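The values are calculated or read from the model by the stated rules, or taken from the named source; none is laboratory data. This structure is a prediction, so every number in the text was calculated from the model and none was measured. Because the Cβ atoms are built from the backbone with ideal geometry, glycine has one as well, and the counts that use them run over all protein chains shown. Remember, those area values only see protein heavy atoms, side chains included, never the ligands or the DNA or RNA. Shrake-Rupley method; radii C 1.70, N 1.55, O 1.52, S 1.80 Å.
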Amino acid sequence: MANAPLMPKATAVWLVDNTALSFDQIAAFCKLHPLEVKAIADGEAAQGIKGLDPVLTGQLTREEIEKAQNNPTYRLKVQESSVRVPEQKRKGPRYTPVSRRQDRPNAILWLVKNHPELLDAQIMRLVGTTKPTIEAIRERTHWNSANLVAADPVTLGLCSQIELDMEVEKAAKNKPQQPEGEGPLPDTLAPVEETTTEEAMAAAFAKPAPKSQPEEEVYDADAVFAKLNAMKSDHDEDEEDDNR
């Protein structure tokens, strides 16, 4: 409750017992219903609750109480504390409204695709999910993987752009540096200065030398016929030997 005193019912008990404030004034200050304050005054409610002095706790001043007692329409105001209590950091995954929970898988898919350097713990902080869900979406084993569509978590309202930028920057800082001696991959294209020189242009447009054709073997017709006749005579002799 905004601007409400500590321990409202205990404060209401003390104001009922120690001041002449109206039920409406006490109810407005303690954020209670006037009938509840009347029940406290009649002893029907808050039995056994010890009254808490708001003056000792620094929530009211004597002057504020006297001013309200003299003017029944005046409403008491909680005195601001001079001590600022630091805001506690949120622990655990981010709370996501029910209406936005169906968008979380799409946001996780977007983060996994566009920022693979993010750790699972960082994704959990951004969209309020669990590690098994992240692993299932990353490995395409999620029950609804076929219908998932990558969507920016900032556009979906799951986190702010500042929070996303901070996590990405933190992941980039924690990324291991490239070992020395392993420079970037060589360029696939040579520099323009090297490819536009006269020697390079001449080599590119020079016609390749024609390949030497193997010399054709020259055959002697008489020698070929003589060899065929010899093979025929040998064949005839073999047939005569078989017929004997």
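Taking 0.36 nm per residue of separation and subtracting the Cα-Cα distance, full extension of the segment from ALA172 to THR130 would add 12.9 nm.
The figure for HIS115 is an accessible area of roughly 40 square angstrom, using a 1.4 Å probe on the protein chains alone. A crude spin-label estimate for the pair LEU148 and ILE49, with each label 7 Å from Cα along the Cβ direction, gives 4.9 nm. Within the range 110-163, the GluC sites (Glu not before Pro) that combine a DSSP coil assignment with at most 10 other C-beta atoms in a 10 angstrom radius are GLU139.
When all protein chains stay in place and ligands, DNA and RNA are ignored, the 1.4 Å accessible-area order of ARG75, ARG104, ARG140, largest first, is ARG140, ARG75, ARG104. Scalar couplings 3J(HN,Hα) for the range 133-149, obtained by applying the Karplus form with A = 6.51, B = -1.76, C = 1.60 to θ = phi - 60°, are 5, 5, 5, 5, 6, 5, 8, 6, 10, 5, 4, 10, 4, 5, 9, 6, 10 Hz; x denotes Gly and Pro.
Taking all protein chains together and rolling a 1.4 Å probe, LEU228 ends up with roughly 90 Å² accessible. With an a/c value of 1.5 or above and a/b not larger than b/c for the gyration tensor axes a ≥ b ≥ c computed over the alpha-carbon atoms, the range 33-79 is described as oblate. With R₀ fixed at 35 Å, the C-beta to C-beta distance from HIS33 to ARG101 puts the FRET efficiency at about 0.50.
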